[in-house]
């Protein structure tokens, strides 16, 4: 689903539905959201946020994050966009599991009228609960992790064809093993360590190397992978 309304239209709808808004349609939801955005009203955004399961600390975190979408730039449009392929909303780091209060169904995207060096767009997740539209809140669960604090880990695949290779990464964060097919040739994230990385090429023109990073420093660099084939990293080998 993709819903697009200009800011003028949204504010007109907001006037019609002023007061206690029941965001039961995409138009009403966008109008209420845009009203809060235009007024820089954290209270209005809080009213639109699905907060079931959130602690007081979670609410403070969401409040801080939502304030970041307030901007002095002129708003061009506010739209509802589908979730991108591979969208992930559950994360584990620093001893916590961070997840939405209800599974998001799409993104609210804000586009600003262009300043060459300004932010052109930003987005946040939205959800539908019992027929009503909400901004998706975020809740945290303590995993009881007593080991070392998670640190910056990552990798770089560099060279000809770096955007065409398939990259599979296994890592550990706060004692929890995780695995993901990465879409970007270089990535940094938070965890204990990278367990393994497999880089696969299906093109003859490929000429790449893999570097693994720990706390921002390279701990492994592979020999080049030229053409079709696979190269990899395994912790401890």
inquiry  = Please count how many residues of the stretch 203-237 are under 27 Å from the mean Cα position of the chain (by Cα), without any contact (Cβ under 8 Å) to a residue 40 or more places away in the chain and part of a loop (DSSP other than H, G, I, E, B).
reply    = 0
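State whether one or more residues within the stretch 32-41 are surrounded by fewer than 18 Cβ atoms within 10 Å (Cβ to Cβ) and under 28 Å from residue 180 (Cα atoms). Full working, then the answer.
From the stretch 32-41, those surrounded by fewer than 18 Cβ atoms within 10 Å (Cβ to Cβ) are 38-41; that's our starting set.
Going one step further and asking which of them are under 28 Å from residue 180 (Cα atoms), we end up with none.
Within the stretch 32-41 (the criterion being surrounded by fewer than 18 Cβ atoms within 10 Å (Cβ to Cβ) and under 28 Å from residue 180 (Cα atoms)), the answer is no, since none of the residues qualifies.
Residue by residue, here is whether (1) in a loop (DSSP other than H, G, I, E, B); (2) under 24 Å from residue 120 (Cβ atoms); (3) in contact with a helix residue (DSSP H, G or I) (Cβ under 7 Å, 6 or more places away or on another chain) holds:
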{"site": "23", "(1), (2), (3)": "yes, no, yes"}
{"site": "27", "(1), (2), (3)": "no, no, yes"}
{"site": "31", "(1), (2), (3)": "no, yes, yes"}
{"site": "36", "(1), (2), (3)": "no, yes, yes"}
{"site": "45", "(1), (2), (3)": "no, yes, yes"}
{"site": "53", "(1), (2), (3)": "yes, no, no"}
{"site": "58", "(1), (2), (3)": "no, no, no"}
{"site": "61", "(1), (2), (3)": "no, no, no"}
{"site": "80", "(1), (2), (3)": "no, yes, yes"}
Enumeration of residues in the stretch 132-150 that are closer than 19 Å to residue 213 by Cα and surrounded by 15 or more Cβ atoms within 10 Å (Cβ to Cβ) = 150
ask   = Does residue 181 satisfy the criteria of being in the same structural domain as residue 75 (by TED's automatic domain parsing) and closer than 26 Å to residue 81 by Cα?
value = no
message = Quick test for you: out of 125, 159, pick the one residue that is in a strand (DSSP E or B) and either in contact with a helix residue (DSSP H, G or I) (Cβ under 7 Å, 6 or more places away or on another chain) or outside the structural domain of residue 46 (by TED's automatic domain parsing) (or both).
response = 159
key: Extreme residue, nearest to residue 90 (Cα to Cα), among residues of the stretch 112-144 that are out of contact with any strand residue (DSSP E or B) (no Cβ under 8 Å at 6 or more places or on another chain) and modelled with pLDDT of 85 or more   = 144
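The values are calculated or read from the model by the stated rules, or taken from the named source; none is laboratory data. Remember, predicted model here, so these are calculated numbers, not experimental data. A quick note on method: Cβ atoms are made from the backbone with ideal geometry, for glycine too, and the neighbour counts reach across all protein chains shown.
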